Amino acid sequence: MTNHVQNLESANAAQPVNPVRERRQVAAKTVKSSKAEQAYRVQAGPGELRQSVTLEMLRTKLAGLVQAGRQCEIRALLRHYGAERLPDVPTKYFDELLHAAEKLG
């Protein structure tokens, strides 16, 4: 076993350590993976690696539509998801509701 450890130590000693190069390699891998994740989020289907929609996100989007005069459309959307008010919408429909609201404007 000590022979194996000595072989590993000699192999590590033979390779020069360049911490700057190693950091650059790690940073490059991180940038590539985050770009890939962003591209995947755009292409992902509902519920796959996407940011979950919150009530506050919906409230913000719908408030903008109300100010733009789209109250009737918003009420129709809420009724479509079985609610009279936004807090009554089941959380499983938040993604769909936000997508529909984005189509309105």
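The values are calculated or read from the model by the stated rules, or taken from the named source; none is laboratory data. On a predicted model such as this, the values are computed, not experimentally measured, just so you know. Using ideal geometry, Cβ is built from the backbone for each residue, glycine included, and neighbour counts are taken over all protein chains shown. Remember, those area values only see protein heavy atoms, side chains included, never the ligands or the DNA or RNA. Shrake-Rupley method; radii C 1.70, N 1.55, O 1.52, S 1.80 Å.
Out of all the residues in the stretch 49-62, is one or more of a type in the set (A, V, I, L, M, F, W, C), open to solvent by 80 Å² or more (accessible area, probe 1.4 Å), assigned to a loop (DSSP other than H, G, I, E, B) and at pLDDT below 55?
Looking only at the stretch 49-62, we keep the residues that are of a type in the set (A, V, I, L, M, F, W, C), and these are 49, 53, 55, 57-58, 62.
After this cut, where a residue has to be open to solvent by 80 Å² or more (accessible area, probe 1.4 Å) as well, the list is 49.
Imposing the further condition that a residue be assigned to a loop (DSSP other than H, G, I, E, B) reduces the set to 49.
If we keep only those that are at pLDDT below 55 too, we end up with 49.
Yes, because at least one residue in the stretch 49-62 is of a type in the set (A, V, I, L, M, F, W, C), open to solvent by 80 Å² or more (accessible area, probe 1.4 Å), assigned to a loop (DSSP other than H, G, I, E, B) and at pLDDT below 55.
Among the residues of the stretch 80-91, count how many are within 15 Å of A63 (Cα to Cα) and either open to solvent by 30 Å² or more (accessible area, probe 1.4 Å) or touching a Gly at 6+ places or on another chain (Cβ under 8 Å) (or both).
Result for the stretch 80-91: 2.
Look at R75 and say whether it is modelled with pLDDT of 95 or more, of a type outside the set (V, I, T), more than 25 Å from the chain's Cα centre (by Cα) and in a helix (DSSP H, G or I).
Working: modelled with pLDDT of 95 or more: yes; of a type outside the set (V, I, T): yes; more than 25 Å from the chain's Cα centre (by Cα): yes; in a helix (DSSP H, G or I): yes.
Taking the combined requirement at face value, the residue satisfies it.
Please name all residue pairs, on different chains or six or more residues apart, with Cβ atoms under 8 Å, provided the first residue is in the stretch 92-105 and is under 15 Å from R59 (Cβ atoms) and in contact (Cβ under 8 Å) with a residue 40 or more places away in the chain and the second residue is hydroxyl-bearing (S, T, Y) and open to solvent by 100 Å² or more (accessible area, probe 1.4 Å).
Correct list of pairs: empty, since none qualify.
Only one of these conditions is not met by R75: (1) open to solvent by 30 Å² or more (accessible area, probe 1.4 Å); (2) in contact (Cβ under 8 Å) with a residue 12 or more places away in the chain; (3) in contact with an Asp or Glu (Cβ under 9 Å, 6 or more places away or on another chain); (4) not small (G, A, S). Which number is it?
Among (1) open to solvent by 30 Å² or more (accessible area, probe 1.4 Å); (2) in contact (Cβ under 8 Å) with a residue 12 or more places away in the chain; (3) in contact with an Asp or Glu (Cβ under 9 Å, 6 or more places away or on another chain); (4) not small (G, A, S), the lone unmet condition for R75 is (2).
Hey, can you tell me all the residues within the stretch 95-105 that are open to solvent by 20 Å² or more (accessible area, probe 1.4 Å) and assigned to a helix (DSSP H, G or I)? Give the steps one after another, and end with the answer.
Residues of the stretch 95-105 open to solvent by 20 Å² or more (accessible area, probe 1.4 Å): 95-96, 98-100, 102-105.
Scanning the stretch 95-105 gives D95, E96, L98, H99, A100, E102, K103, L104.
Looking at the stretch 78-91, which of its residues are of a type in the set (A, V, I, L, M) and touching a residue at least 24 places away in the same chain (Cβ under 8 Å)? Spell out the reasoning first.
Narrowing the stretch 78-91 to residues of a type in the set (A, V, I, L, M): 78, 83, 86, 89.
Scanning the stretch 78-91 gives L86, V89.
Can you confirm whether A44 is open to solvent by less than 80 Å² (accessible area, probe 1.4 Å), of a type in the set (G, A, S) and either in contact with a Lys or Arg (Cβ under 6 Å, 6 or more places away or on another chain) or at pLDDT 95 or above (or both)?
Details: open to solvent by less than 80 Å² (accessible area, probe 1.4 Å): yes; of a type in the set (G, A, S): yes; either in contact with a Lys or Arg (Cβ under 6 Å, 6 or more places away or on another chain) or at pLDDT 95 or above (or both): yes.
Considered against the rule, which asks whether it is open to solvent by less than 80 Å² (accessible area, probe 1.4 Å), of a type in the set (G, A, S) and either in contact with a Lys or Arg (Cβ under 6 Å, 6 or more places away or on another chain) or at pLDDT 95 or above (or both), A44 comes out as yes.
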